[in-house]
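The values are calculated or read from the model by the stated rules, or taken from the named source; none is laboratory data. Here the structure is a predicted model, which is why all the values come from computation and not from measurement. Positions of Cβ are backbone-derived with ideal geometry, glycine not excepted, and every protein chain shown enters the neighbour counts. Protein only, heavy atoms only, side chains kept; ligands, DNA and RNA dropped before computing areas. Shrake-Rupley method; radii C 1.70, N 1.55, O 1.52, S 1.80 Å.
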Amino acid sequence: QVQLVESGGGMVQPGGSLRLSCAASSRTGSRYAMGWFRQTPGKEREFVASISWTGGTTYYADSVKGRFTISRDNAKNTVYLQMSSLKPEDTAVYYCNAGGLGYIQGDYWGQGTQVTVSS
């Protein structure tokens, strides 16, 4: 069991940067792989990036590869998504996810944080 809280979303112009954070809390202290997904109105939630518990393995959607970087600090129980060279098509609600594997989502979700890329 884990609770996830995202932060860091906001509005930014194309080409700008944002860093999202996801703070995780677990009563059992389980070691979860973590990921980020995003969703826009009328579309299914899509995979963005994920990272293993150790941080040794990362996965990225082709659409964000080279622009986004996922990382984690287990001492702080926090996962980050550094987003650079943002494009209007990156506009979405971004959700933190725990318990997945690779490109597959897990059962635990945060409430989401809005990212809007617009001039």
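For the range 12-22, a residue qualifies if it is part of a strand (DSSP E or B) and either out of contact with any Leu (no Cβ under 9 Å at 6 or more places or on another chain) or open to solvent by less than 50 Å² (accessible area, probe 1.4 Å) (or both), and the qualifying residues are Val12, Leu18, Leu20, Ser21, Cys22.
Tyr59: modelled with pLDDT under 95 and surrounded by 12 or more Cβ atoms within 10 Å (Cβ to Cβ), yes or no? In short, no. Every condition in (1) open to solvent by 50 Å² or more (accessible area, probe 1.4 Å); (2) touching a residue at least 40 places away in the same chain (Cβ under 8 Å); (3) over 19 Å from Ser84 (Cβ atoms) is met by Thr40 except one, and the failing one is (1).
Selection within the range 92-119: residues that are of a type in the set (A, V, I, L, M) and touching a Gly at 6+ places or on another chain (Cβ under 8 Å). The member of this set that is nearest to Val5 (Cα to Cα) is Ala98.
When Thr28, Thr54 are screened for being open to solvent by 20 Å² or more (accessible area, probe 1.4 Å), free of Cβ contacts under 8 Å to residues at least 24 places away in the same chain and out of contact with any strand residue (DSSP E or B) (no Cβ under 7 Å at 6 or more places or on another chain), only Thr54 passes.
Yes or no: the range 80-91 includes at least one residue that is closer than 20 Å to Val2 by Cα and either modelled with pLDDT of 95 or more or touching a Leu at 6+ places or on another chain (Cβ under 8 Å) (or both). Checked against the condition, which is being closer than 20 Å to Val2 by Cα and either modelled with pLDDT of 95 or more or touching a Leu at 6+ places or on another chain (Cβ under 8 Å) (or both), the range 80-91 yields at least one hit. Within the range 90-117, being assigned to a strand (DSSP E or B) and more than 15 Å from Ser21 (Cα to Cα) holds for Ala92, Leu101, Ile104, Tyr108, Thr116, Val117.
Looking at Val64, Val48, Val5, just one residue is modelled with pLDDT of 95 or more and surrounded by fewer than 21 Cβ atoms within 10 Å (Cβ to Cβ), and that residue is Val5. Checking each residue in the range 92-105 for being open to solvent by less than 40 Å² (accessible area, probe 1.4 Å) and β-branched (Val, Ile, Thr) picks out only Val93. Say we look at the range 25-43 and pick out the residues that are farther than 26 Å from Val117 by Cα and either part of a strand (DSSP E or B) or among the aliphatic types (A, V, I, L, M) (or both); which of these is nearest to the chain's Cα centre (by Cα)? Result: Ala33.
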